[in-house]
Amino acid sequence: MRDVLAAMMPGWLQGGTAGLATVVRTFRSAPRPPGASMLVTASGEVFGSVSGGCVEGAVYELAIQAKADHRPVLVSYGVSDDDAFSVGLICGGTIEVFVEPISQQTFSELDGVREDIEASRPVGVATVIEHPDPGWLGRHLVVRPDGFAGGLGSDRSDHAVGDDTRGLLAAGRNSVLTYGPDGERLDTGMSVFFASYAPRPRMLVFGAIDFAAALARLGTFLGYQVTVCDARAVFATQARFPDAEVIRAWPHHYLSEQLARGLVDQRTVICVLTHDPKFDVPVLEAALRGRPVAYIGAMGSRRTHNDRLERLRAAGVSDEQLLQLHSPVGLDLGARTPEETAVSIGAEIIALQWGGSGEPLGSRAERIHHDETPERAPDTAAAAPPTDPQLSQSEATGG
């Protein structure tokens with residue numbers, strides 16, 4: 001819902017009714033993940049997507065119908081058959097889509113959810129998508145770290161779902177939970193889709209160079225809240241980094257302060273692009289010894305990488321901690337320009353997040369889509385010495 005919320009609010013505030021379709025379950029090679037939404041506004045405009053085009057026409061009709069009769073519906077789309085006009089997914093997967101009317105009557109708490117999302121406060125929405133009593137369908141419970149609001153149909157179900165979804169909210173995960181008709185645990189009859197709207201993950205970029213400007217733009221595009229930090233005020237300016245928060249401070253001081261305040265978490269990405277030992281070694285020491293994060297990468301040639309490893313070991317960083325370091329940063333794309341190098345870094349972050357191999361899809365026989373985030377395997381190559389003495393231009397930039 002987050003991606004269509006801005007389009008939804010004007011009609012909601014004016015008392016209109018929109019049709020909202022949300023992917024709630026996926027199986028195999030589904031084109032969009034759970035939580036992906038398509039909106040048909042009160043005036044009939046369409047925003048968002050649930051399938052990338054495969055079933056949009058059919059879902060649009062259901063959203064129009066939901067607006068008209070105020071009745072939610074749960075539908076499933078699988079592989080289309082030999083009939084060219086059948087509705088289905090050509091990718092071979094299956095999706096379940098919940099289509100509901102959205103208005104002040106059906107979702108009175110929506111404006112509060114919007115305020116939380118815009119203020120980067122964690123909030124989640126639990127929606128009844130299956131129940132033996134049709135009157136429960138489409139009811140919402142808004143879940144926050146300190147409590148919940150709204151109602152699913154009974155106090156018992158509200159407290160069960162409100163308690164069970166706190167962990168999902170903390171982890172920023174979407175999921176379907178199953179209960180008995182009155183919220184009984186270890187029972188069936190009621191299914192609830194929980195959509196988590198956690199604050200955007202952070203990307204901390206150290207080193208106010210041209211490569212950082214390109215990476216800040218890409219990081220924002222990928223959905224990160226980007227911060228660029230450098231002690232050199234002449235380089236760390238908002239004009240050079242319009243897409244990011246700019247901090248003028250010694251990198252290791254800033255990172256240590258953010259760690260102490262609990263503002264760095266397991267979704268945070270850290271990219272060190274300074275090329276200068278007096279900056280990058282202290283900040284990498286703080287990063288590698290700090291709490292677990294999603295990614296730590298450092299730019300530089302293989303010669304710079306080896307020198308950096310020696311300095312970090314001398315500072316007391318263990319070989320086990322060094323396994324977290326991705327250096328030289330990025331995938332081997334042959335990158336030359338700052339923009340190309342940013343794509344290289346972004347590609348490595350995405351591959352690590354979703355378990356991608358980094359190989360061309362056309363050379364692989366496995367499924368394209370990865371369902372779950374895999375357990376992170378130690379990157380033993382990150383701290384290994386190079387086998388070749390050559391230094392290419394792409395290695396000089398880490399691309």
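The values are calculated or read from the model by the stated rules, or taken from the named source; none is laboratory data. Since we're looking at a predicted model, the values are computed, not measured. Note: ideal-geometry Cβ built from the backbone for every residue, glycine included; neighbour counts use all protein chains shown. Note: areas computed on protein heavy atoms with side chains; ligands, DNA, RNA excluded. Shrake-Rupley method; radii C 1.70, N 1.55, O 1.52, S 1.80 Å.
Looking at this structure, is Val205 open to solvent by 10 Å² or more (accessible area, probe 1.4 Å), touching a residue at least 60 places away in the same chain (Cβ under 8 Å) and not in a helix (DSSP H, G or I)?
When the stated conditions are applied, Val205 does not pass them.
Taking the residues in the stretch 27-47 that are surrounded by fewer than 19 Cβ atoms within 10 Å (Cβ to Cβ) and among the hydroxyl-bearing types (Ser, Thr, Tyr) as candidates, determine which candidate is modelled with the highest pLDDT.
Of everything passing the filter in the stretch 27-47, Ser43 is modelled with the highest pLDDT.
Are any residues in the stretch 305-334 in a helix (DSSP H, G or I) and of a type outside the set (S, T, N, Q), and if so, which ones? Steps first, answer last, please.
At the first step, the residues of the stretch 305-334 found to be in a helix (DSSP H, G or I) are 305-314, 319-322.
Matches in the stretch 305-334: His305, Asp307, Arg308, Leu309, Glu310, Arg311, Leu312, Arg313, Ala314, Asp319, Glu320, Leu322.
Can you go through Ala233, Ala287, Ala214, Ala294 and tell me which one is closer than 22 Å to Ser327 by Cβ, free of Cβ contacts under 8 Å to residues at least 40 places away in the same chain and open to solvent by less than 70 Å² (accessible area, probe 1.4 Å)?
On the way: Ala233 fails: closer than 22 Å to Ser327 by Cβ; Ala214 fails: free of Cβ contacts under 8 Å to residues at least 40 places away in the same chain; Ala294 fails: free of Cβ contacts under 8 Å to residues at least 40 places away in the same chain.
Just a single option satisfies the conditions, and that option is Ala287.
Going residue by residue through the stretch 291-299, is there one that turns out to be at pLDDT 95 or above, assigned to a helix (DSSP H, G or I) and touching an Asp or Glu at 6+ places or on another chain (Cβ under 7 Å)?
no
Which one of these is at pLDDT 95 or above and out of contact with any Gly (no Cβ under 6 Å at 6 or more places or on another chain): Leu186, Leu204, Leu141? Before the answer, list the steps.
Numbers: Leu186 fails: at pLDDT 95 or above; Leu141 fails: out of contact with any Gly (no Cβ under 6 Å at 6 or more places or on another chain).
Residue meeting the stated conditions: Leu204.
Go over the candidates Gly356, Gly346, Gly399 one by one and state the one that is at pLDDT below 95, within 22 Å of the chain's Cα centre (by Cα), within 19 Å of Gly219 (Cβ to Cβ) and surrounded by 16 or more Cβ atoms within 10 Å (Cβ to Cβ). Show your work before the answer.
On the way: Gly346 fails: at pLDDT below 95; Gly399 fails: within 22 Å of the chain's Cα centre (by Cα).
So the residue among Gly356, Gly346, Gly399 that is at pLDDT below 95, within 22 Å of the chain's Cα centre (by Cα), within 19 Å of Gly219 (Cβ to Cβ) and surrounded by 16 or more Cβ atoms within 10 Å (Cβ to Cβ) is Gly356.
Six or more apart or on different chains, Cβ under 8 Å: which pairs go from a residue in the stretch 136-162 that's closer than 17 Å to Thr188 by Cα and small (Gly, Ala, Ser) to one that's open to solvent by less than 40 Å² (accessible area, probe 1.4 Å) and outside any helix (DSSP H, G or I)? Could you list them?
Close Cβ pairs (under 8 Å, with a partner that is open to solvent by less than 40 Å² (accessible area, probe 1.4 Å) and outside any helix (DSSP H, G or I)) amount to Gly153/Val128; Gly153/His131; Ser154/Gly183; Ser157/Tyr179; Ser157/Gly183; Ser157/Met190; Ala160/Tyr179; Ala160/Gly183.
With the requirement that a residue be among the polar types (S, T, N, Q), in contact (Cβ under 8 Å) with a residue 60 or more places away in the chain and either in a loop (DSSP other than H, G, I, E, B) or within 13 Å of Gly44 (Cα to Cα) (or both), what does the stretch 1-28 give you?
Within the stretch 1-28, Thr17 is the sole residue that qualifies.
Does the stretch 377-384 contain any residue that is closer than 23 Å to Gly219 by Cα, modelled with pLDDT under 90 and outside any loop (DSSP other than H, G, I, E, B)? Walk me through how you get there before you give the answer.
Here is the first cut: in the stretch 377-384, the ones closer than 23 Å to Gly219 by Cα are 379, 382.
Applying the additional criterion that residues be modelled with pLDDT under 90 yields 379, 382.
Filter again for outside any loop (DSSP other than H, G, I, E, B), leaving none.
Checked against the condition, which is being closer than 23 Å to Gly219 by Cα, modelled with pLDDT under 90 and outside any loop (DSSP other than H, G, I, E, B), the stretch 377-384 yields no hits at all.
Could you list, in sequence order, the residues of the stretch 48-71 that are in a loop (DSSP other than H, G, I, E, B), in contact (Cβ under 8 Å) with a residue 40 or more places away in the chain and open to solvent by 30 Å² or more (accessible area, probe 1.4 Å)?
His70, Arg71
Name the single residue, out of those in the stretch 92-114 being open to solvent by 30 Å² or more (accessible area, probe 1.4 Å) and β-branched (Val, Ile, Thr), that is modelled with the lowest pLDDT.
Going through the stretch 92-114, the residues open to solvent by 30 Å² or more (accessible area, probe 1.4 Å) turn out to be 94, 96, 104-106, 108-109, 111, 114.
Filter again for β-branched (Val, Ile, Thr), leaving 94, 106.
Working: Thr94: 81, Thr106: 96.
Restricting to residues being open to solvent by 30 Å² or more (accessible area, probe 1.4 Å) and β-branched (Val, Ile, Thr), the top hit is Thr94.
Does Val143 meet the test of being more than 29 Å from Gln104 (Cβ to Cβ) and touching a Ser or Thr at 6+ places or on another chain (Cβ under 6 Å)?
On the way: more than 29 Å from Gln104 (Cβ to Cβ): no; touching a Ser or Thr at 6+ places or on another chain (Cβ under 6 Å): yes.
So Val143 fails the test.
Please state which of the following conditions Glu339 fails to meet, knowing it meets all the rest: (1) more than 20 Å from Phe211 (Cβ to Cβ); (2) surrounded by 15 or more Cβ atoms within 10 Å (Cβ to Cβ); (3) at pLDDT 75 or above.
Looking at each condition in turn, Glu339 falls short on (1).
Go through Thr227, Thr268 for me and flag whichever is surrounded by fewer than 23 Cβ atoms within 10 Å (Cβ to Cβ), within 22 Å of the chain's Cα centre (by Cα) and not acidic (Asp, Glu). Working first, answer last.
Details: Thr268 fails: surrounded by fewer than 23 Cβ atoms within 10 Å (Cβ to Cβ).
Every option except Thr227 fails the conditions.
Residues of the stretch 327-336 being in contact (Cβ under 8 Å) with a residue 40 or more places away in the chain and surrounded by fewer than 22 Cβ atoms within 10 Å (Cβ to Cβ), which ones? Step through it out loud before you land on a result.
First pass over the stretch 327-336, keeping only residues in contact (Cβ under 8 Å) with a residue 40 or more places away in the chain: 327-330, 332-336.
Asp332, Leu333, Gly334, Arg336 - these are the residues of the stretch 327-336 that are in contact (Cβ under 8 Å) with a residue 40 or more places away in the chain and surrounded by fewer than 22 Cβ atoms within 10 Å (Cβ to Cβ).
Restricting to the stretch 274-284, name every residue that is out of contact with any His (no Cβ under 7 Å at 6 or more places or on another chain) and either closer than 11 Å to His252 by Cα or surrounded by fewer than 20 Cβ atoms within 10 Å (Cβ to Cβ) (or both). So that I can check it myself, show each step before the final result.
Restricting attention to the stretch 274-284, the residues satisfying the condition of being out of contact with any His (no Cβ under 7 Å at 6 or more places or on another chain) are 274-281, 284.
Hits for the stretch 274-284 are His275, Asp276, Pro277, Lys278, Phe279, Asp280, Val281, Leu284.
I'd like to check which strands (runs of 3 or more DSSP E) are fully inside the stretch 115-195 and have at least 1 residues that are out of contact with any helix residue (DSSP H, G or I) (no Cβ under 9 Å at 6 or more places or on another chain) and either within 18 Å of Phe98 (Cα to Cα) or open to solvent by 60 Å² or more (accessible area, probe 1.4 Å) (or both). Please lay out each step first, then the result.
Working: elements: 123-130, 140-144, 147-150, 175-179.
The strands (runs of 3 or more DSSP E) meeting that bar are 123-130, 175-179.
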